[in-house]
Structures are given as structure tokens and as C-alpha cells.
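S.K.: Handing you a structure now.
The values are calculated or read from the model by the stated rules, or taken from the named source; none is laboratory data. Just so you know, these numbers come straight off a predicted model, no measurement behind them. Here the Cβ positions follow ideal geometry from the backbone for every residue, glycine too, while neighbour counts run over all protein chains shown. To get the accessible areas, we keep the full protein, side chains included, count just its heavy atoms, and leave off ligands, DNA and RNA. Shrake-Rupley method; radii C 1.70, N 1.55, O 1.52, S 1.80 Å.
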Amino acid sequence: MKRSAKLSEADKELIAAASTAIKRRYRGDWQEVGAALRTRSGKIFTGVNLDAYLGRMAVCAEAVALGRAVVDLGDAGIDMIVAVRHPPPGQKDRSIAVVSPCGACRELIFDYDRQARVIVPNGTSPAVVPIGELLPNKYSRGPER
């Protein structure tokens, strides 16, 4: 997998935006993941996961951030997206950490922009990877756009 280990200042700002979102809205078992998405025009949108008693009704933070971008800008393209997880109260290491998008979010991101890049965990420092590399042999309904 091609990973760019060197994060730009804009990438670090995106991680900070996701971290700020979850710090502001963290609610134990309800909201623990924050996300930030930067469009191709440079605008940043954040979101937090929306948990639910009925698990299949839960919505991931990446989907919330993408929904906000679509509502405000329409199809503006995804330059970069990142998700972070707030540690549970009893966890020894209390730092917010970059997490990989779940399978459903990988599909969603790819469907909205096949050229999107994602910040993912990579040992001690996050790295950048194209969304397509997180979805080998991706299903498609028709010709690639």
C-alpha cells in the first residue's frame, strides 16, 4: 500500500479539526469518533458519529461530515478525510488517535470521490493513502467515472 508518511500542515490541521469536534461533543458511549473532511476547494467540514440503541441506525462521523459538505456545497469533491477516536474514560492512554474508516465509510468515500485521500494510522505517525487502496477489487455498478 502506498502510504505517504509525511503529513502536510493542512493534513495536521484536518486532524486537529476532527479532534476538536469530538472533544466538544464526546458523550461516553454515544459519541466517540470525530471526522473532518476537506473539499477540493479547501473548505473543512466536521462531524461526530451518531450512535443509537439500534446499532444499524448508527451513523459514522465520516458520513456526517460528508453530509454537511454535500448540503452546503453540493458535489465539491473530497480532497482528504480523517477520523479520530476519543479514548474511553478508563483508558490509560487518554490521547485522541487517528483511526481507519470502517468498510461502509470506505465505500461511501469512494462512491463520492474516487480520488479522495484518507489519513490512516501508520505506526507512530499517521499516513495518507488513496481511498482506492483501502478498497481492493471494489464493486462498481457501471463504468468507472
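S.K.: Give the cross-link partners of LYS23 among the lysines, using a straight C-alpha distance below 29 Å as the criterion and excluding same-chain residues fewer than 8 apart.
M.R.: Counting by Cα, and skipping residues close in sequence, LYS23 has these lysines nearby: LYS6, LYS12, LYS43, LYS92.
S.K.: Cα axis of helix 9-25 to longest principal axis of the chain: angle in degrees, 0 to 90, nearest 10?
M.R.: Around 50 degrees separate the two axes.
S.K.: Using helices alone, what [θ] at 222 nm do you get for the chain, with -39,500 (n - 2.57) per DSSP H run of 4 or more residues, divided over all residues and rounded to the nearest 500?
M.R.: -9000 deg cm²/dmol
S.K.: A follow-up question, please. How do VAL70, VAL99 stack up against each other in accessible area, from largest to smallest, with a 1.4 angstrom probe?
M.R.: Result of the area sort, largest leading: VAL70, VAL99.
S.K.: Kindly provide the chymotrypsin sites (Phe, Trp or Tyr not before Pro) of region 40-145 that DSSP labels as loop, not H, G, I, E or B, and whose Cβ sees at most 13 other Cβ atoms within 10 Å.
M.R.: Within region 40-145, the qualifying chymotrypsin sites (Phe, Trp or Tyr not before Pro) (loop, at most 13 other Cβ atoms within 10 Å) are TYR53, TYR139.
S.K.: Right, next: Mind checking the full-extension length gain between ASP29 and ASP93? Use 0.36 nm per residue of separation minus the Cα-Cα distance, one decimal, nm.
M.R.: Between ASP29 and ASP93, full extension yields an extra 21.3 nm.
S.K.: Which of (1) 14.7, 49; (2) 17.0, 60; (3) 15.0, 45 is the computed Rg and Dmax of the Cα atoms in Å for the structure on display?
M.R.: Working out Rg and Dmax of the Cα atoms in Å from the coordinates points to (1).
S.K.: While we're here: Under a point-charge model restricted to the Cβ atoms of Lys and Arg (+1) and Asp and Glu (-1), what is the dipole moment magnitude of the chain relative to its Cα centre, in debye to the nearest 20?
M.R.: Roughly 180 debye, rounded to the nearest 20.
S.K.: Using a basic spin-label model with each label point 7 Å from the Cα along Cα→Cβ, how many nm lie between SER100 and VAL59?
M.R.: Label-label distance for SER100 and VAL59, simple model: 2.6 nm.
S.K.: Measure out, as a whole number of angstrom, how far apart the alpha-carbon centroids of region 121-135 and region 1-72 sit.
M.R.: Cα centroid of region 121-135 versus Cα centroid of region 1-72: 16 Å apart.
S.K.: What is the calculated FRET efficiency for GLU9 to THR124, with r their C-beta to C-beta distance and R₀ = 22 Å, to the nearest 0.05?
M.R.: 0.70
S.K.: If you fit an axis through the alpha-carbon atoms of helix 61-73 and take the longest principal axis of the Cα set of the chain, what angle between them do you get, 0 to 90°, nearest 10?
M.R.: The angle comes out near 60 degrees.
S.K.: Next question. Could you point to the residue in CYS60, GLY103, PRO89 farthest towards the positive end of region 45-103's charge dipole, with +1 and -1 charges on the Cβ of Lys/Arg and Asp/Glu respectively?
M.R.: PRO89
S.K.: List every residue whose amide H lies under 5 Å from the amide H of VAL99, counting only residues 5 or more places away in sequence or on a different chain, with H placed 1.01 Å from N in the peptide plane.
M.R.: Hits under the 5 Å cutoff: ALA83, VAL84, ARG85.
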